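Let me begin by presenting the structure, written as structure tokens, before commenting on it.
The values are calculated or read from the model by the stated rules, or taken from the named source; none is laboratory data. Given the structure is predicted, the values throughout are model-derived calculations rather than measurements. Here the Cβ positions follow ideal geometry from the backbone for every residue, glycine too, while neighbour counts run over all protein chains shown. What goes into the accessible areas is simple: the full protein's heavy atoms, side chains included, and nothing from ligands, DNA or RNA. Shrake-Rupley method; radii C 1.70, N 1.55, O 1.52, S 1.80 Å.
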Amino acid sequence: MYMLVENCTSSHLHLKRSPGIRSWSLFVGIASIGLAAAYYSADSLAWKLFYMAGCFFVAAQNLEQWEEAVFDKSKGTVCLKTFNLYKKILTFSKGGNEQVVALLNEIRDVNVEEETVRYFGKGYLVVLRFITGFSHPLTQSAVLGCRSDVEAVAKLITSFLELDRLESQQDLSQSSGTEASDADEPQDKYQ
């Protein structure tokens, strides 16, 4: 699952993402190696604590981030938040939270991009494109496979922001503008 819909109204869209089963499995596997090394070793208590702490830090480093995206039409902003357990532990709870805030009216397009993930194949993520030419991913990590899940989230955001209506209105205005300019041109008859 790419992102879950926490709340969706006409003026508020809240999307969430938590670490997946692969991430938690890796976390438990690495942490259990440290626990087993400490349990079965004949070393001193200090070394046993070192084994457990070292493996716990490596496990926490490999854990995916918690991510949120809050689109709020009443405030006119989108807030993208990330929480990283590893950074939180290393900075003694002073860091680990990152937040990006942008204006909704500056978003001009929502796309699905493909990203090559080493050893695993292709991953997909949603990218917000802004009027300024700047692009920002909705999440920091791509999801493997499941392109349809990512496209569904992109379609939900596009319909919430009414970008599909804006594109169709621009297409209509461009086509009517071309027809009007064609009518203004003199019609030469070739014989």
Close Lys-Lys pairs in region 38-98, where close means Cα under 26 Å and separation is 8 or more or interchain: 4
How many percent of the accessible area of region 1-119 is carbon or sulfur, using a 1.4 Å probe? 60
Loop only by DSSP, 13 or fewer other Cβ within 10 Å of the Cβ. Give me the trypsin sites (Lys or Arg not before Pro) in region 1-82 that pass, ordered by residue number. none
Given the candidates 103, 89, 116, the one whose Cα lies deepest towards the positive end of the charge dipole of region 1-127, counting +1 at each Lys or Arg C-beta and -1 at each Asp or Glu C-beta, is 89
Can you give the convex hull volume per residue for the Cα atoms of region 57-117, as a whole number of Å³? 103
